[in-house]
Each structure stands twice: as C-alpha cells, then as structure tokens.
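Since every read-out is calculated from the coordinates, none of them should be taken as a lab result. Source: prediction; values computed, not measured. Positions of Cβ are backbone-derived with ideal geometry, glycine not excepted, and every protein chain shown enters the neighbour counts.
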Amino acid sequence: MRVTLEYLHQNVKAVVPVEDMALISGLLQMLEGVVVSEIANDKFKLETTFVFCAVWAFGSALTMTDDGSDNKKLFSDWWKSQFKQVRLPTRDTVFDYWLEPASNKFEPWRQSPSFHTVEFDSRIMKMDQVTVPTTETASISHWMDLLVRRRRPILLAGPSGPFR
C-alpha cells in the first residue's frame, strides 16, 4: 500500500484532499462490507476482492484536472502495470468494471445489479426527477448501498457542473 500512496501523492490529483488514513480506512470499510466467509476462505477470491476494493478506495476521489489530465485513467494504467497478480480487463479503466462475486470476474458495470434501467413516462414523471443510468451512477450506487447498510459515512464530491 505504501507504493500506491506514494503514487497518489506524486502523480495524480483528487477532487478533494484525502489523508492517507482516510484512504486506508475506506479500504477496510469496503472490505468489511464485501468479504463474506466464502471469499475469506478462498485465497484467490480474497485477493481479487482486495484488488477491487483497493482500486476504488484509492482511486474513487480522482478527477480530471484543469489541464485535462484524466487522473482516474492515469491511476488505472499505473495500477494495471504494477499489480498483475489479479487479472483485470485490459479495455477501458479499472473503474469501468465491478467484481461479480459468483464468478469472481470483472464485468462491466452495466451487468451489475446496481445498474438500473429507467422506465420514463413523460405523462407522469418530470425529467428532473430521473437519474439517467450510467456506469458512474451504477458504481456510486454500489458503494453507497454497501457503506450505508453498514452505517459508514460517505462524502460525494465532484467537479461542478449543471447536474451536480
């Protein structure tokens, strides 16, 4: 973890400053929420689950910088080049996938239970009441649901924009 923390300090920028202790605490809280006995008793599943949680604990606060640098992509590329023990998809970034627990494989967020389609009917719904499903909303929903169920605090932060 020291190598990852050093990389974060030296090479990428988060949307808000995050202390090392908060990153480690977030990782432990994520692990606490996903590690069940079936995973804990299987070294391969435990290692894969650790990687999934670590990627999100360390990289979820990364953002685009004013100069156009995509810090999540930079972190993803670095992670894939440094940690090859767990096979991650080569397409896209590590943030575009979730860990499907039954198969222990990384699948696109669109295939996760957190990805919901919207049945929109303009006669009974207003568009401003609809959250358009994306891989980002699915990943946020996944981690929020996990942490809220465990009564853990969550801070959502991001760049300003018309829909935030």
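For the stretch 109-151, the relative contact order is 49 percent, taking Cα pairs closer than 8 Å that sit 6 or more residues apart in sequence and dividing their mean separation by the residue count.
For 123, 91, 110, what ranking results if the residue with the fewest other Cβ atoms within 10 Å of its Cβ goes first?
123, 91, 110
Here the stretch 71-146 is assigned +1 on the Cβ of each Lys and Arg and -1 on the Cβ of each Asp and Glu. Its dipole about the Cα centre then comes out at about 360 debye. Judged by the ratio a/c of the largest to the smallest principal axis of the C-alpha gyration tensor, the chain counts as oblate, that ratio being 1.5 or greater while a/b is no larger than b/c. For the stretch 40-56, backbone phi angles converted through the Karplus equation (6.51, -1.76, 1.60; θ = phi - 60°) give residue-by-residue couplings of 4, 8, 10, 4, 5, 5, 5, 5, 5, 5, 4, 4, 4, 5, 5, 4, 6 Hz, Gly and Pro being listed as x. How big, in percent, is the set of alpha carbon pairs in the stretch 44-90 lying more than 18 Å apart? Distances greater than 18 Å cover 32 percent of the Cα pairs. Would you work out which of 104, 154, 134 lies farthest towards the positive end of the dipole of the chain? Charges go on Cβ: Lys and Arg +1, Asp and Glu -1. Among 104, 154, 134, the one farthest towards the positive end of the dipole of the chain is 104.
Estimated from the Cβ-Cβ distance and a Förster radius of 30 angstrom, the FRET efficiency linking residue 7 and residue 36 is about 0.50. Residue separation of residue 87 and residue 24 scaled by 0.36 nm, minus their Cα-Cα distance, works out to 20.4 nm of gained length. Rg and Dmax over the alpha-carbon atoms of the stretch 64-133 stand at 16.9, 52 Å.
Under a Cβ-Cβ cut-off of 14 Å, what is the net charge of the residues other than residue 104 that fall near it, where Lys and Arg count +1 and Asp and Glu count -1? Once positives and negatives cancel, what remains is -1. Over every Cα atom in the stretch 1-80, the radius of gyration and the widest Cα-Cα span, Dmax, amount to 13.6, 45 Å. Counting only Cβ charges, +1 for Lys and Arg and -1 for Asp and Glu, the dipole size of the stretch 1-106 around its Cα centre is about 360 debye. Compared with the direct C-alpha span, the chain from residue 47 to residue 69 gains 4.9 nm at full extension, assuming 0.36 nm per residue. Among the listed pairs 72/126; 72/105; 13/80; 73/105; 13/84, those whose Cα-Cα separation exceeds 29 Å are 72/126. Between 26, 68, 59, the GNM of the chain built on Cα springs shorter than 10 angstrom shows 68 fluctuating the most. So for the chain, taking the charge dipole from beta-carbon charges (+1 Lys/Arg, -1 Asp/Glu), which of 71, 144, 49 sits furthest toward the positive end? Positive-end residue among those listed: 49.
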